[in-house]
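What follows is a single structure, written as C-alpha cells, with notes after it.
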Amino acid sequence: MDVQRFTTDVVVIGGGGAACRAAIEVSENGLDCMMLDKGRPGRSGATPCALWSIQAPFGPRGRDNRDTPDQFFEDMVRGGRFIGDQNITEIVAFDACDRILDMERYGVHFKKYDDGRFYQTPMPGQTYPRSCFMIENGQHMSTVLAKEVSRRDNIKVLKDFFVFGLLKNKDSVVGVVGMDMLSGEIVAVNAKSTVVATGGYTSMWGFSDNPPTLTGDGVAMAYRAGADIVDLEFNQYYGTDVIWPPSVRGTVVLYELMIEEFADGEITDKYGKPIIDKPLPIRDEAIKIIFNTIREGRGTEHGGVYFDTTKSPKGEEKVREVFKTMTPKHYQFLIDAAGIDLAKEPLEVAPASHYQCGGIYINERGQSTVDGLYACGECAGNFQGANRIAGTALCDTQTMGAQAGSCAAKDAKERGAAAIDEKDLESKLGVLKNFLSKKTKSIRPISIKEEILSTMDKYIAPFRDGKGMKKGLSVVESLKGEVPKISVPNIKKYNLDLMEAIEADLMMDTAELTFESALFRKESRGHHNRTDFPETDNKSWRCHTIATLKGNKPVYSKRDVIYTRIKPEDVK
Amino acid sequence: MEKSVIKASICRYDPDKDKEPYFQDYEVDVAGPVTVYELLTMIHRSYDSTLAFRTYKCYKGMCTTCIVKLNGKVVKSCATQVEPNSEIRLEPPGGGQVVRDLVVDFSKM
C-alpha cells in the first residue's frame with residue numbers, strides 16, 4: 001500500500017468548533033498546523049447542528065449584571081453533579097467571555113441590545129440568563145471558524161479525510177494515519193503534538209440527533225494508544241427529538257422553548273396531559289420524566305411523547321413567531337421534509353442520544369495521559385461531570401479548544417521531532433488490507449454497525465440495568481469476532497463501505513468501554529441511571545470511572561475528582 | 001398492504017474505472033413518501049454497496065452537503081420528498097468536480 005507522507009508541528013484531528021479553535025491557536029503561536037476533517041470544513045461534526053446558545057458570563061456587558069464567572073463555574077459544577085474536574089471548569093468559566101469576543105472578531109453575529117450589551121436567553125441550569133444568541137446558529141459559527149482557519153497560511157486542511165489510527169513511537173504519539181476519501185490515498189502525518197477534537201460518539205446509538213459520522217473514532221484511537229478514558233457511562237440524551245415520521249427522525253425540538261417567555265406549550269402524554277412542570281428542569285430530570293411516561297405505557301404510538309403548542313395561550317401566530325425567531329431552520333425543515341407545522345400540530349418526540357460527557361481524560365492543559373496526545377471538545381472527558389447544562393458544549397469547544405491548541409503548540413516547540421515507527425504504521429494498514437481482501441463468506445460493515453446501534457439503543461438507554469448491560473456487552477463481544485470477516489468492494493475513491501468497516505472496527509472498543517464503565521459504576525448520577533442501583537452514592541462513587549488499555553484488555557479504576565473552588569462538603 | 005416502489009435512475013461514474021458516466025436503475029420498495037436522502041440510504045443498505053453519496057446530515061436543511069440534482073433541478077436531498085410509485089433521475093449536483101457517483105468535491109466551502 002502506497003502511503004503519502006506529511007510532516008508538521010501540530011496535527012489536529014477534527015473540523016468542528018474545537019478543532020478549528022485549536023488549529024487557530026496553533027497558528028497564533030507561529031507553528032505549522034494540519035487539520036484533518038472527516039467531512040467538509042464548516043459542514044462537519046456536530047457544531048453545525050447546534051442552535052443559538054453558547055454560555056458566557058458577561059454580567060453587566062450582557063443581560064444580568066449579577067452574573068459572574070464564579071457563578072458560571074458554580075452552575076457547571078452543580079450541573080455536573082460534582083464529578084467534573086474543576087481545574088478544567090475554571091478555564092471554561094473564566095475564558096468564556098474572551099473566546100466569545102474572539103468569535104465576534106472572526107465574524108460570528110451575536111444578538112445585542114441597542115446599547116451593545118449581549119442579549120442572553122435563560123436556559124435550565126443557569127442562575128442568571130447566560131446563553132448568548134448566535135443569530136445564524138451553529139452552522140454560521142462553523143462556517144466562520146472554517147473561514148478563519150482557511151485565512152491562515154500556516155494551517156493546511158485536508159478535508160473528507162478519515163483518520164483511523166494514532167501512530168506511536170515507544171510511549172509517545174507521533175502522528176496519525178488516515179484515508180483521503182476523495183482520492184482514496186492513505187496518508188501518514190508525522191507531528192510533534194497531536195490534538196484529538198473528533199467530537200462525541202452519539203451516532204453509536206440508532207436514535208440520535210447527531211450526524212451519522214460521529215462514531216467516536218477519536219476516543220477509540222486514544223484508548224488504543226494507551227490514553228486513560230473517563231466517565232463513558234454519562235451519556236446525555238436530549239429529551240425531545242423527533243421520533244416520527246422517519247424523514248425527520250432525530251431533528252431537535254427544543255423543550256426549552258416551552259417556557260412562558262417563548263411558546264408556552266406543553267410536553268404531554270398520549271392523552272394530552274402535561275407531564276413536565278415549569279420552571280423547566282435541566283436535561284437529566286426532563287429525560288427521566290419523559291422516559292418514565294413512555295415506560296408506564298402513556299407514550300404515543302411510535303414510542304414518544306407529544307411536543308404540543310396547540311393549546312398555548314399565546315395562539316398559533318405568536319407561537320409561529322417564536323419558532324421563526326428562535327429556530328427558523330428547524331421549523332422550515334420540518335415543513336419541507338415532512339409537511340409538519342410545529343405551530344399547528346403536536347409532534348411525536350422522545351429522548352435520543354445527544355452528547356457524551358465523558359471521553360479522553362485530560363488535565364487543564366488539554367493533555368491526555370499519553371505524551372504528545374491532547375484532546376478538546378466533546379471527545380475530551382472530565383469536565384462536564386455527570387450532566388452537561390445547555391450552552392456549555394459550544395463554550396467548551398472555544399475555551400478548551402484554544403487552551404489545548406496553545407499548550408500543544410508550546411509543547412511542540414520544546415519537544416524534539418520523533419519519527420514514525422514503521423511497524424506501528426504497517427499494523428494499522430493491515431486492518432484495511434484485510435477489509436479489502438476478498439473472502440468466500442463475507443459480511444457487510446453496515447450489518448455490524450446496525451447491530452451495535454440497536455444494542456446501544458436497547459441496553460444503554462437513559463435507564464439501564466446490570467442484566468441488560470451484560471447482555472449488550474456479550475453482543476458487542478460476539479460482533480468483535482465478526483469484524484475481521486468484513487469484506488468491502490475494491491474501490492479507491494469515496495469507498496463508503498470501507499469507511500463504515502473502519503468505523504465498525506473502532507466502534508467495538510468504544511461500545512465495550514461504555515458498557516463496562518456503566519457496569520463498573522454501581523450508582524445513579526446525572527445521565528447514568530441504573531434501575532438496579534437507583535440511589536446516588538456519594539460515599540463510594542463521587543469519583544471518575546477510568547478505563548485504560550493494559551495488554552489487550554481494558555482495566556477499570558476509580559479516580560478522585562479535582563476540586564478547586566467548591567468542595568462538595570461546603571455546599572448544601 | 002399495497003406494495004409501492006420508487007424507480008430511481010442514478011448517474012454512476014468511477015473515474016478510475018469508467019470512461020464516462022452512465023445511468024443505473026434501481027427499484028426500491030417503500031411504504032410511503034421518503035426523502036431523497038432516505039432513498040439513498042435504503043439503496044446503500046439493501047441494494048448496492050458501491051453507490052457513493054455524502055452521508056452527513058445537519059437535521060435542519062442548512063448545510064447543503066446533501067445536495068443532488070433531482071430530475072434536473074438541484075435540491076437538498078434531506079428536505080425533498082419523493083412520492084411512492086414515481087420515477088426519478090438523480091445526478092451529481094455540480095459545484096465541483098465529480099469524485100464518484102453523486103459525491104462532488106465542492107470547490108468553495
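Nothing in this text is a laboratory measurement; each read-out follows from the coordinates by a stated rule. No experiment lies behind these values; they were computed from the predicted model shown. Backbone-built Cβ (ideal geometry, glycine too); neighbour counts: all protein chains shown.
Cα centroids of region A:200-250 and region A:22-54: how far apart, whole angstrom? What the calculation gives is 19 Å, centre to centre.
Please check which bits of region A:194-232 a label hung off A:C543 would reach, taking the label as a point 7 Å along Cα-to-C-beta and the cut-off as backbone N under 16 Å. Only A:229-232 fall inside the zone, counting backbone N under 16 Å.
Shape of region B:4-103 from its Cα gyration tensor (a ≥ b ≥ c, root eigenvalues): rounded if a/c is under 1.5, otherwise prolate when a/b > b/c, or oblate? Please report the intermediate quantities before stating the final value.
Values: a/c = 1.67, a/b = 1.17, b/c = 1.42.
Note, shape of region B:4-103 comes out oblate.
Among the trypsin sites (Lys or Arg not before Pro) in region A:156-252, those located in a DSSP loop and surrounded by at most 11 other Cβ atoms within 10 Å of their own Cβ are A:K170. Taking label points 7 Å from Cα along the Cα-to-Cβ direction, A:T310 and A:K112 give a separation of 4.4 nm. With the charge dipole of chain A set up from +1 on Lys and Arg Cβ and -1 on Asp and Glu Cβ about the Cα centre, the Cα lying farthest toward the positive end among the listed residues A:I340, A:M507, A:F234 is that of A:M507. Rank B:I67, B:Y13, B:V36 by how far each Cα sits towards the positive end of the charge dipole of chain B (+1 on Lys, Arg Cβ; -1 on Asp, Glu Cβ) and give me just the farthest. Result: B:I67, furthest along the dipole toward the positive end. Positive end of the dipole of the protein assembly as shown (Cβ unit charges, origin at the Cα centre): among A:P554, A:P124, A:A96, the Cα lying farthest that way belongs to A:P554. If you sort the three axes of the alpha carbon gyration tensor as a ≥ b ≥ c, you get a/c of 1.5 or more for region A:239-353 and a/b no higher than b/c, which makes it oblate.
Given Cβ point charges of +1 (Lys, Arg) and -1 (Asp, Glu) and nothing else, what value in debye, to the nearest 20, does the dipole of chain B about its Cα centre take? Don't skip to the answer; put the middle values down first.
Values: 15 positive and 15 negative charges, 98 e Å.
Dipole about the Cα centre, nearest 20: 480 debye.
Among the listed pairs A:K329/A:K413; A:K433/B:K7; A:K111/A:K273; A:K439/A:K493, those with a Cα-Cα distance over 32 Å are A:K329/A:K413; A:K433/B:K7; A:K111/A:K273.
Of interest is the spacing of the C-alpha centroids, which for region A:410-464 and region A:362-389 amounts to 21 Å. Short to long, the 10 Å bins of the Cα pair-distance histogram for chain A hold 4, 18, 30, 28, 16, 4, 0, 0 percent of all pairs. For region A:535-547, 3J(HN,Hα) computed residue by residue from phi via the Karplus equation (6.51, -1.76, 1.60; θ = phi - 60°) reads 8, 7, 10, 6, 6, 9, 10, 7, 7, 8, 9, 10, 10 Hz, glycine and proline entered as x.
A simple spin-label model places pseudo-atoms 7 Å from Cα toward Cβ; at A:E285 and A:D153 they are separated by 5.5 nm. Rounded to the nearest 0.05, the FRET efficiency derived from the C-beta distance between A:S474 and A:R105 at R0 = 45 Å is 0.30.
Here the dipole of chain A is about 880 debye; that uses its Cα centre as origin and unit charges on the Cβ of Lys and Arg (positive) and Asp and Glu (negative). The residues A:M103, A:M499, A:M221, when put in order of fewest to most other Cβ atoms within 10 Å, stand as A:M499, A:M103, A:M221.
Let me make sure I get this right: for region A:422-543, a, b and c are the square roots of the gyration tensor eigenvalues over alpha carbons, sorted descending. Under 1.5 in a/c it's rounded, otherwise prolate if a/b > b/c, else oblate. Which is it? Intermediate values should be presented prior to the final figure.
Details: a/c = 3.19, a/b = 2.32, b/c = 1.37.
Verdict is prolate for region A:422-543.
Less than 5 angstrom separates the built amide H of A:G165 from those of A:V177, all sequence-distant by 5 or more or on a different chain.
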